[in-house]
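In what follows, a structure is listed as structure tokens, so that the remarks can point back to it.
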Amino acid sequence: MKALVVPEPAAKTLQQLEWTNRSMPNPRANEVLIRTRAVGLNPVDAKIVANGYFDWTYPHTLGLDVAGEIMGLGDRVKGFNVGDRVAGHANFAEDGAFAEYVTYPAAALARIPETVDYESAAGSLCAGMTAYQALFRKAQLNNVETVLIHAGAGGVGSMAIQLANAAGKHVITTVSATKRDFVAALNPDAIIDYQEENVTQRVLELTRGLGADLIINAIGDPEADFERIAYNGQLVCVLATPTDAPADKALSISKLDLGGAHRSGDPRQVADLGRMAGELLALVTDGKVNPLITKRYASDEIAEGLRALEAHEIVGKAIAVF
């Protein structure tokens, strides 16, 4: 079968990736064999190429998000059948989804609803599940009125806006002027142009001087959010977390590492990946969330798609079809 691989440890750039023939993978006892139909492309895929992983064997197949059809079952797999349409977010330490066939832990998979196609399912995973985890696993929404979502035009930000809207929260988001129209179509309550406006000042103006109850930060520099957050506020960080926090605001700070569940050694966390994927795809079915696919590539164009993501040329979600 064909697969897009990092051929050797010295290969650290997208230009060094290769399409090559690899042996058909065999599912382990708790895995299924999937025929790949569509994959999500994510900025983290490019970062993984640059950083590598100490435990990889080479060649290493890339790809975190898959939607496809089950072609085989491991001996201990229950609840799935050959022919089921499934989707899931993978473990970057293992061979991934940029291949014609891939094995996945069954527990981390969700069935794709009948009304959702493979492309929409693949496009909903990494960014969508990160946003979903931020709002519905890390945050406590009972006492949250206002949510500040940084980078509303990004994959995580655009999904988080939709999810926060569906949860009935007052949504503020930051965006550059060139991406304002894209974000405005998602109906946030307020948009801040971070290039032209003072973000902290605008957040305080929009929250009666109180600050946002919940901030989802996918851009880094989380310390800058301390002035924008309310007392008893919650800060959820996709990238770095602060090393210290002001003592007078009683903040809660959470760190996200979606795929880290695979390496946690905790089967409950792996199973929650499948549960979150299923819950998110149900929202897609209900029309409450749209993966916002704006760019489709053929499978042999994946490296070009990753390059475009790395260069910030894509607004919304990019996927590739097999």
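The values are calculated or read from the model by the stated rules, or taken from the named source; none is laboratory data. Computed from a predicted structure; not experimentally measured. Cβ coordinates were reconstructed from backbone atoms using ideal geometry, including for glycine residues, and neighbour counts include every protein chain displayed. Just the protein is used for accessible areas: all its heavy atoms, side chains included, with ligands, DNA and RNA removed. Shrake-Rupley method; radii C 1.70, N 1.55, O 1.52, S 1.80 Å.
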Query - Pairs with Cβ under 9 Å, 6+ apart, first in segment 71-89 and touching a residue at least 60 places away in the same chain (Cβ under 8 Å) and under 15 Å from residue 117 (Cα atoms), second aromatic (Phe, Trp, Tyr) and outside any loop (DSSP other than H, G, I, E, B) - result: 87/118; 88/104
Report summary line: Being among the aliphatic types (A, V, I, L, M) and either closer than 30 Å to residue 77 by Cβ or modelled with pLDDT under 95 (or both) narrows 292, 280, 210, 214 down to just 280
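How many residues does segment 81-105 contain that are basic (Lys, Arg) and farther than 15 Å from residue 38 by Cβ? Write out each step before concluding.
Going residue by residue through segment 81-105, those that are basic (Lys, Arg) are 85.
With farther than 15 Å from residue 38 by Cβ added as a condition, the list becomes none.
Of the residues in segment 81-105, 0 are basic (Lys, Arg) and farther than 15 Å from residue 38 by Cβ.
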Query raised in the report: Restricting the first residue to segment 292-319 and requiring it to be under 19 Å from residue 15 (Cα atoms), which pairs with a second residue that is aromatic (Phe, Trp, Tyr) and open to solvent by 30 Å² or more (accessible area, probe 1.4 Å) meet a Cβ separation below 8 Å and a spacing of at least six or different chains?
Result: 299/322; 300/19
Report task. Run residue 116 past the list (1) assigned to a helix (DSSP H, G or I); (2) of a type in the set (A, V, I, L, M); (3) under 15 Å from residue 288 (Cα atoms) and report the number of the one that doesn't hold. Result -> (1)
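Name the residues in segment 183-199 that are over 11 Å from residue 148 (Cα atoms) and in contact with a helix residue (DSSP H, G or I) (Cβ under 8 Å, 6 or more places away or on another chain), would you?
183, 186, 187, 193, 195, 196
Looking at 235, 214, can you tell me which residue is over 17 Å from the mean Cα position of the chain (by Cα), without any contact (Cβ under 8 Å) to a residue 60 or more places away in the chain and surrounded by 19 or more Cβ atoms within 10 Å (Cβ to Cβ)? Spell out the reasoning first.
Working: 214 fails: without any contact (Cβ under 8 Å) to a residue 60 or more places away in the chain.
Only one candidate qualifies: 235.
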**Report entry** In segment 181-210, the residues that are more than 13 Å from residue 157 (Cα to Cα) and assigned to a helix (DSSP H, G or I)
**Finding:** 181, 199, 200, 201, 202, 203, 204, 205, 206
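Here are some residues: 27, 7, 59. Which one is open to solvent by 20 Å² or more (accessible area, probe 1.4 Å) and in contact with a Leu (Cβ under 7 Å, 6 or more places away or on another chain)? Spell out how you get there, then give the answer.
Values: 7 fails: in contact with a Leu (Cβ under 7 Å, 6 or more places away or on another chain); 59 fails: in contact with a Leu (Cβ under 7 Å, 6 or more places away or on another chain).
From the options 27, 7, 59, the qualifying one is 27.
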Query - Search result, residues across segment 238-274 that are assigned to a helix (DSSP H, G or I), out of contact with any Leu (no Cβ under 7 Å at 6 or more places or on another chain) and surrounded by 14 or more Cβ atoms within 10 Å (Cβ to Cβ) - result: 258, 262, 263, 269, 270, 271, 272, 273
Query raised in the report: What residue, among those in segment 72-93 that are among the small types (Gly, Ala, Ser) and closer than 22 Å to residue 264 by Cβ, is most open to solvent (accessible area, probe 1.4 Å)?
Result: 79
Query raised in the report: For segment 91-135, what are the residues that are more than 13 Å from residue 67 (Cβ to Cβ) and among the hydroxyl-bearing types (Ser, Thr, Tyr)?
Result: 101, 103, 115, 130, 132
Query raised in the report: For residues in segment 96-107 being open to solvent by 50 Å² or more (accessible area, probe 1.4 Å) and in contact with a Pro (Cβ under 7 Å, 6 or more places away or on another chain), which is nearest to residue 264 (Cα to Cα)?
Result: 107
Report summary line: residue 198 vs (1) farther than 30 Å from residue 95 by Cα; (2) under 22 Å from the mean Cα position of the chain (by Cα); (3) polar (S, T, N, Q); (4) open to solvent by 10 Å² or more (accessible area, probe 1.4 Å): all pass except (2)
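Table: residues versus (1) more than 16 Å from residue 220 (Cβ to Cβ); (2) open to solvent by 10 Å² or more (accessible area, probe 1.4 Å); (3) touching a helix residue (DSSP H, G or I) at 6+ places or on another chain (Cβ under 9 Å).
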{"position": "145", "(1), (2), (3)": "yes, yes, no"}
{"position": "148", "(1), (2), (3)": "no, no, yes"}
{"position": "156", "(1), (2), (3)": "no, yes, yes"}
{"position": "161", "(1), (2), (3)": "yes, no, yes"}
{"position": "165", "(1), (2), (3)": "yes, yes, no"}
{"position": "169", "(1), (2), (3)": "yes, yes, yes"}
{"position": "172", "(1), (2), (3)": "yes, no, yes"}
{"position": "178", "(1), (2), (3)": "yes, yes, no"}
{"position": "181", "(1), (2), (3)": "yes, yes, no"}
